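Data block below; observations after.
The values are calculated or read from the model by the stated rules, or taken from the named source; none is laboratory data. Bear in mind that the values here come from a model prediction, so they are computed numbers and not experimental data. All Cβ positions, even for glycine, are placed from backbone atoms using ideal geometry, and neighbour counts span all protein chains on display. When the accessible area is computed, the model is the full protein with side chains, heavy atoms only, and any ligands, DNA or RNA have been set aside. Shrake-Rupley method; radii C 1.70, N 1.55, O 1.52, S 1.80 Å.
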Amino acid sequence: TDWQSLYPFASRYAPVDGGRLHYVDEGSGEAVVMVHGNPTWSFMYRRLIAAGRDHWRAVAVDNMGCGLSDKPQDYSYRLKQHVDNLEHLLDHVLKLDRINLVVHDWGGAIGMGYAVRHPEKIAKLVVMNTAAFLVPHCPWRIRTCRIPGFGALAVRGLNGFARAASRMATAQPGGLPAAVKAGFLAPYDSYRNRIATLRFVQDIPMHPSHPTWETITDIQAKLETLRNIPMLICWGDRDFCFTQPFLDIWEERFPEAEVRHLPEAGHYLLEDAPDMLIPWIMEFIGT
């Protein structure tokens with residue numbers, strides 16, 4: 001299919017607790033690790049992988065239940081589990097001792113969850129439309145997907161979340177181009193394969209009794225250990241989900257960070273403004 005020509009990378013797999021994690025590992029040199037969110041997968045980073053692999057080692061992981069990773073049905077899918085999986089991949093499978101981290105959406109909490117466990121290993125941080133702290137609010141479009149029963153029907157039965165994201169998460173009129181949309185949706189082609197899409201939505205901690213509240217609180221408390229690490233924040237200003245209040249928190253916590261705005265880009269900023277964004281990231285990480 002068309003989308004596969006957009007993603008011409010060798011698939012690699014790492015066994016972790018509960019299944020196999022899929023990842024891409026291209027090029028050589030210092031590692032640049034890219035962590036995606038929901039409902040995307042490493043396909044979102046395809047242009048950055050292709051541009052970067054001549055200069056450094058481009059590693060992009062598919063979180064469990066996402067992309068080409070396994071999609072176990074009886075699995076926790078909590079933030080802590082995703083951080084544990086990333087840690088296992090980077091520390092025990094790839095044995096990386098120094099990494100640059102690129103994060104987006106849920107990848108922010110997962111990637112920063114790893115970073116605060118190992119601040120000494122982090123060379124540079126690239127942050128795009130994400131949070132790694134208790135969130136100021138949850139958009140109604142996402143809240144509705146959390147309604148018991150309805151959420152499972154909408155997200156898993158009708159693919160409402162991933163399909164809607166192909167329109168709402170981009171600022172491109174008419175949504176994503178057909179081949180790109182096909183690539184984003186390909187791994188989520190059945191009720192069974194959409195389990196993580198729903199679990200991520202259910203894992204947003206809106207109350208202290210939520211099992212992931214403590215995980216996020218802990219990450220939030222330790223963010224200051226990353227304060228002296230060079231950080232580039234790239235922000236799609238037309239994101240319906242990660243809006244200005246989220247960026248305000250990043251800037252407050254990381255006053256030294258370099259902030260770049262993409263006024264015409266939505267949540268999928270790597271789709272909406274790659275020609276600006278990728279050179280910025282390349283320059284920041286260094287070649």
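Brief remarks on what is shown
- Given (1) surrounded by fewer than 19 Cβ atoms within 10 Å (Cβ to Cβ); (2) closer than 17 Å to residue 137 by Cα, number of the condition residue 226 does not satisfy: (2)
- Residue match in region 258-268 (condition: in contact with a Phe, Trp or Tyr (Cβ under 6 Å, 6 or more places away or on another chain), of a type outside the set (D, E, K, R) and under 22 Å from residue 100 (Cβ atoms)): yes
- Boolean, residue 125 is closer than 20 Å to residue 58 by Cβ, in contact (Cβ under 8 Å) with a residue 24 or more places away in the chain and either in contact with a strand residue (DSSP E or B) (Cβ under 6 Å, 6 or more places away or on another chain) or among the hydrophobic types (A, V, I, L, M, F, W, C) (or both): yes
- Inspection of region 142-160 finds no residue satisfying the criterion of being part of a loop (DSSP other than H, G, I, E, B) and touching a strand residue (DSSP E or B) at 6+ places or on another chain (Cβ under 8 Å).
- Among residues of region 231-287 being among the small types (Gly, Ala, Ser) and assigned to a loop (DSSP other than H, G, I, E, B), the one that is surrounded by the fewest Cβ atoms within 10 Å (Cβ to Cβ) is 286.
- Considering (1) loosely packed, with under 14 Cβ neighbours inside 10 Å; (2) at pLDDT below 95; (3) in a loop (DSSP other than H, G, I, E, B); (4) not hydrophobic (A, V, I, L, M, F, W, C), the lone condition that residue 190 does not fulfil carries the number (2).
- 2 or more residues under 26 Å from residue 274 (Cβ atoms) and open to solvent by 10 Å² or more (accessible area, probe 1.4 Å): qualifying strands (runs of 3 or more DSSP E) within region 14-111: 19-26
- The sole residue among 254, 240 that is within 30 Å of residue 147 (Cα to Cα), touching a residue at least 12 places away in the same chain (Cβ under 8 Å) and not polar (S, T, N, Q) is 240.
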